[in-house]
Structure formats: structure tokens, C-alpha cells
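One structure is given here, and the rest of the page talks about it.
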Amino acid sequence: TSQSMAVFGQASWKPEALDNKLEVTLGGRYTADDKTAYLAGDVSPVQRGRASFNNFSWLGSVSYDLFEDVMVYGRVSTGYRSGGINPRASIINTFDPEKATAYEAGIKSQFLDNRLRLNLAGYITNYDDLQVQQFAAGSGGATSLIVNAGKVQLSGFEAELTALPFAGFQIDGSVGYVKTKYKEFFFRDPGTNLVLDVADQAKPLYTPKWSFHLGAEYAHPIVDALVRLRGDYSHRTQIYFN
């Protein structure tokens, strides 16, 4: 069973002294989670487990309109991923919540009567008690566990561009880059049962370093219908599965 309860709110303020160009936003969320597990069947003796967690996450952001169609912003926020119980393990495997602190700054803009849109953002996200799934083999056999492996930092940028050169024709594209740096990554050696810090060897799962997208579309009305012709190309660099 799993139960999650939360209360959250957010408020924004624009001081008149700066012609409403500046906006300050604050937000918060309190979350309480309670989970229980009952492990029976081929397991002997029958095992029961319970885990409870609570967290307060917050957000603070500032944005400023440089011009009518150009806005810059900065944001700091925290995040929380509940801990829990892994029901697939042969033992009651509990794990702690994963927490993150994110820093982001960027610009959102439109030009040429809204026919050209450009958005840029850079970010740094620090994770603590990163939750990962590990194959645990040792002297007592093998099983699959969810564990808190350690600390990791993600940093990178994203850029998006949309252009309307003439009526009915649109070009859009994006590029993203992310760098993963493990500060701690704990793993149980299957041969010795010792817990080792393998931060210098760990790889990010399902996270490409570079990703690209480019698309174009032409729309033209024919009688009472609107016909669209579109083409897209996307690419991502290699990812690690395990």
C-alpha cells in the first residue's frame, strides 16, 4: 500500500516601482508519504515492512522584462522523490528519499512580430541519495535492489528556436547538452560483499550527452481543409543502459 498527502502553494509579486517589469515568485510544498509491503509466497518466513517519509520543498524565482518581448530569469528550487520498499527483492528492501537542488537561468524572447522565437537556459542540478537499481550478488545469492547510491551533479544547457519565414511555413529546432559528474557512487562488490565508491567509473543511465532536433512544416488551406506537410529529424548520442 502507498499513501501520499501534500499541501502546496505559490505566490508572485510585481512591484509597481519597476513598471511591472520585475516579477518575484516564491513557492513551497510539504509532502508526507507512508508505504507498507507484505512479502509472502516462496519467501520464508513471511516478511512485513513499513516506511514513512516527509519533506518540505521550496522554489524561488526572479524574472525581468528587458524589452517588451525579451525576458530573463533565474530560479532556485528543491525537489523530492519519495523513498520506499522494493517488492521485487527477496528481502524487505527499503530505501531513502532522493533529494535535488536545482539552479537555472535563461532568456525567453520573440522578435520580428513574433515570427522568431528563441529560448535559452543553463542549469546545474545536485542530487543527494540518488536512487538506483542494482543487481546484488553475494555469498547469500543474487537479487535486485533499489539503493541510495550517493551524490551526482548534472549541468548543461538547452536552446530552442522557432521561425516563421513566411505564411504557412515554420522551422523549429532544439539542442541540449548535459554533463554528469558523480561525487559519490556506492556499489556492493559481488565477490567480496564490500561496499565501494565507484564514482570514477559510474555512468549516467538513459542520459545522452547531446541531443538535437530539427523540423519543418508547411500548412496550406485547400477548400475547407488545412493540409500540413511536415518533416522531422532527431539525434542523440550514445546512452548507457546499465
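Each residue in the range 186-235 was checked for being over 27 Å from the mean Cα position of the chain (by Cα) and over 18 Å from residue 133 (Cα atoms), and 18 of them qualify. When 197, 224, 189 are checked against the criterion of being over 24 Å from residue 118 (Cβ atoms), in contact with an Asp or Glu (Cβ under 8 Å, 6 or more places away or on another chain) and open to solvent by 40 Å² or more (accessible area, probe 1.4 Å), a single residue qualifies: 197.
When you scan the range 146-166, do you find a residue that is farther than 16 Å from residue 132 by Cα, modelled with pLDDT of 90 or more and not in a strand (DSSP E or B), even just one? No: the range 146-166 contains no residue that is farther than 16 Å from residue 132 by Cα, modelled with pLDDT of 90 or more and not in a strand (DSSP E or B). Residues of the range 162-177 include none that is within 27 Å of residue 83 (Cβ to Cβ) and surrounded by 15 or more Cβ atoms within 10 Å (Cβ to Cβ). Inspect all residues belonging to the range 97-111 and state whether any of them is at pLDDT below 90 and among the small types (Gly, Ala, Ser). For the range 97-111, residues at pLDDT below 90 and among the small types (Gly, Ala, Ser): absent.
Please find, within the range 11-37, the residue that is most open to solvent (accessible area, probe 1.4 Å) out of those that are assigned to a strand (DSSP E or B) and within 20 Å of residue 72 (Cβ to Cβ). My answer is 13. Only a single criterion out of (1) open to solvent by 50 Å² or more (accessible area, probe 1.4 Å); (2) touching a residue at least 40 places away in the same chain (Cβ under 8 Å) is not satisfied by residue 51, namely (1). Among the conditions (1) more than 19 Å from residue 122 (Cβ to Cβ); (2) more than 18 Å from the chain's Cα centre (by Cα), the only one that residue 148 does not satisfy is (2). Among strands (runs of 3 or more DSSP E) entirely within the range 38-106, having at least 3 residues that are touching a Leu at 6+ places or on another chain (Cβ under 8 Å) singles out 47-67, 70-81.
Applying a threshold of 7 Å to beta carbon distances and a minimum spacing of six or more residues, or different chains, the list of pairs starting in the range 175-201 at a residue that is at positive phi and ending at one that is not in a strand (DSSP E or B) reads 193/139.
Residues that are hydroxyl-bearing (Ser, Thr, Tyr) and open to solvent by 50 Å² or more (accessible area, probe 1.4 Å) within the range 116-132 comprise 123, 127, listed in sequence order. Cβ separations smaller than 9 Å between residues 6+ apart or across chains give the following pairs from the range 220-239 residues that are touching a residue at least 24 places away in the same chain (Cβ under 8 Å) to residues that are assigned to a strand (DSSP E or B) and of a type in the set (Lys, Arg): 220/228.
Of all residues in the range 17-42, those that are of a type in the set (A, V, I, L, M) have Cβ atoms under 6 Å from Cβ atoms of residues that are crowded, with 16+ Cβ neighbours inside 10 Å, 6 or more apart or on another chain, in 37/49; 37/85.
The values are calculated or read from the model by the stated rules, or taken from the named source; none is laboratory data. It should be emphasised that the depicted structure is a prediction, and the values quoted were computed from it without experimental measurement. For neighbour counting, all protein chains shown are included, and Cβ atoms are generated from backbone atoms with ideal geometry for every residue, glycine included. Just the protein is used for accessible areas: all its heavy atoms, side chains included, with ligands, DNA and RNA removed. Shrake-Rupley method; radii C 1.70, N 1.55, O 1.52, S 1.80 Å.
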